[in-house]
Amino acid sequence: MIVIMDKRATKAQISNVVARVEQAGYQTHLSEGEERVVIGVIGNGRPLDRDQLERMSGVERTVPILRPFKLASREFHPHNTVISVNGCSVGGKQIVVIAGPCAIESRQQLLETAHAVKEAGAHILRGGAFKPRTSPYSFQGLGEQALRFLAEAHEETGLPIVTEVTEPQMVPLVTTYSNILQVGARNMQNYALLHAVGESQRPVLLKRGMMSTIEELLMAAEYILSHGNGQIMLCERGIRTFETYTRNTVDISAIPLLKQLTHLPVIVDPSHGTGKWELVDPVSRAAVAAGADGLIIEVHPHPEEALSDGAQSLKPTRFAQLIDGLRPVAEAVGRTL
Ligand code: PEP
Ligand code: MN
């Protein structure tokens, strides 16, 4: 349930309500909007009498949240969450473009890509240091050395960094190098990892599992939110269907649906979503037209030599063309790029 406080509610009135529901065994989460405070009542406590709560001073009304995700829901937090990463806002009017290689292969490859994507207009740099590959024989990433290359790329370009963290024990290490922690599709329901990134209080890019429903994605976000970390970007990266011409099937309808169900920003990954570089540009435009807040795109200076995901990686020149083609689409839906 949520308790919606009156616009004029005082701090003391809010604390009284918090104390009352906590006494009954619940946890509380405050959402402080521009107009009013909403108190989220979460967990399993003793039955609460809604009429009694509504008679407390400063309370406007109470609303039960019937969906299993609570803190992620629009009811709890009606306004869009805007996440600030080194001066870059995710979830605001601007479409945010995250770009970089699938995997960091060398210092030279990363720096070259970082400069190229920055030049083209990207806002955030991506690059995998720890790669969760389908085959144990595939390139697994350069690990900590790659994190140091990311730090260098950040220093040179000023671009904030997002990189994947695959295990809870690695969260402190990755946090020292990365502005955003990426939880990959394969780890969307790794609950120990979700708890750890939640505790870190760092912005998180949470990718939808390839066989996960939208509700499961939002429940995964709820784990992170339950630690008081509301800085979550949800990422639609394609789901597995019977179609084999594409690597995955991008669920375009997930974008407006997520915007309806939750206040969290939605990012689309047309690279993993399609698996084909030729499809990245049109699907990016479709995603922005459908209301996505941002894109995450794989770029490699020489895709034919890439150690992972070359078939879906764009050359820097094509990435620059993609950005140019995206501007009018962004404008058409009232966004900037
Ligand atoms: C990635 O973005 O590097 C990645 C591995 O993607 P996903 O987790 O969506 O497969
Ligand atoms: Mn990849």
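Taking the numbered list (1) within 15 Å of ligand 1 (Cβ to nearest atom); (2) buried (at least 18 other Cβ atoms within 10 Å of the Cβ); (3) in a loop (DSSP other than H, G, I, E, B) in turn, Leu194 passes all entries but (3). The residues of the range 64-93 that are surrounded by 17 or more Cβ atoms within 10 Å (Cβ to Cβ) and not in a loop (DSSP other than H, G, I, E, B), listed by number, are Ser73, Ile83, Val85, Cys88, Val90. Residue under question is Ala99, and the condition is that it be touching a residue at least 60 places away in the same chain (Cβ under 8 Å), among the hydrophobic types (A, V, I, L, M, F, W, C) and out of contact with any Leu (no Cβ under 6 Å at 6 or more places or on another chain); does it hold? For Ala99, the condition - touching a residue at least 60 places away in the same chain (Cβ under 8 Å), among the hydrophobic types (A, V, I, L, M, F, W, C) and out of contact with any Leu (no Cβ under 6 Å at 6 or more places or on another chain) - is met.
Could we say that Ile224 is open to solvent by less than 20 Å² (accessible area, probe 1.4 Å), within 16 Å of ligand 2 (Cβ to nearest atom) and either of a type outside the set (S, T, N, Q) or not in a strand (DSSP E or B) (or both) here? Let's see the steps before the verdict.
Values: open to solvent by less than 20 Å² (accessible area, probe 1.4 Å): yes; within 16 Å of ligand 2 (Cβ to nearest atom): no; either of a type outside the set (S, T, N, Q) or not in a strand (DSSP E or B) (or both): yes.
Spelling it out, it is not the case that Ile224 is open to solvent by less than 20 Å² (accessible area, probe 1.4 Å), within 16 Å of ligand 2 (Cβ to nearest atom) and either of a type outside the set (S, T, N, Q) or not in a strand (DSSP E or B) (or both).
In the range 260-267 there is at least one residue matching the filter, namely being within 14 Å of ligand 1 (Cβ to nearest atom), in the same structural domain as Arg318 (by TED's automatic domain parsing) and either touching a residue at least 12 places away in the same chain (Cβ under 8 Å) or not β-branched (Val, Ile, Thr) (or both).
Scan the range 95-108 for residues that are open to solvent by 10 Å² or more (accessible area, probe 1.4 Å) and within 15 Å of ligand 1 (Cβ to nearest atom) and the total you get is 1. All told, Ser271 meets the bar of being touching a Phe, Trp or Tyr at 6+ places or on another chain (Cβ under 9 Å) and either part of a helix (DSSP H, G or I) or away from ligand 2 (no atom under 16 Å from the Cβ) (or both).
With respect to (1) at pLDDT below 95; (2) open to solvent by less than 10 Å² (accessible area, probe 1.4 Å), the lone exception for Ile161 is condition (1).
I want to confirm something. Restricting to the range 228-242 and keeping residues that are in contact with a Pro (Cβ under 9 Å, 6 or more places away or on another chain) and away from ligand 2 (no atom under 16 Å from the Cβ), which single residue is farthest from Gly184 (Cα to Cα)? Per the criteria, the residue is Asn229.
Looking for whichever is assigned to a loop (DSSP other than H, G, I, E, B), away from ligand 2 (no atom under 16 Å from the Cβ) and touching a residue at least 40 places away in the same chain (Cβ under 8 Å) here; the options are Ala292, Ala330, Ala320. Which one fits? Every option except Ala292 fails the conditions.
The values are calculated or read from the model by the stated rules, or taken from the named source; none is laboratory data. Since we're looking at a predicted model, the values are computed, not measured. Note: ideal-geometry Cβ built from the backbone for every residue, glycine included; neighbour counts use all protein chains shown. In case anyone asks, the SASA skips ligands and DNA or RNA and just uses the protein heavy atoms, side chains included. Shrake-Rupley method; radii C 1.70, N 1.55, O 1.52, S 1.80 Å.
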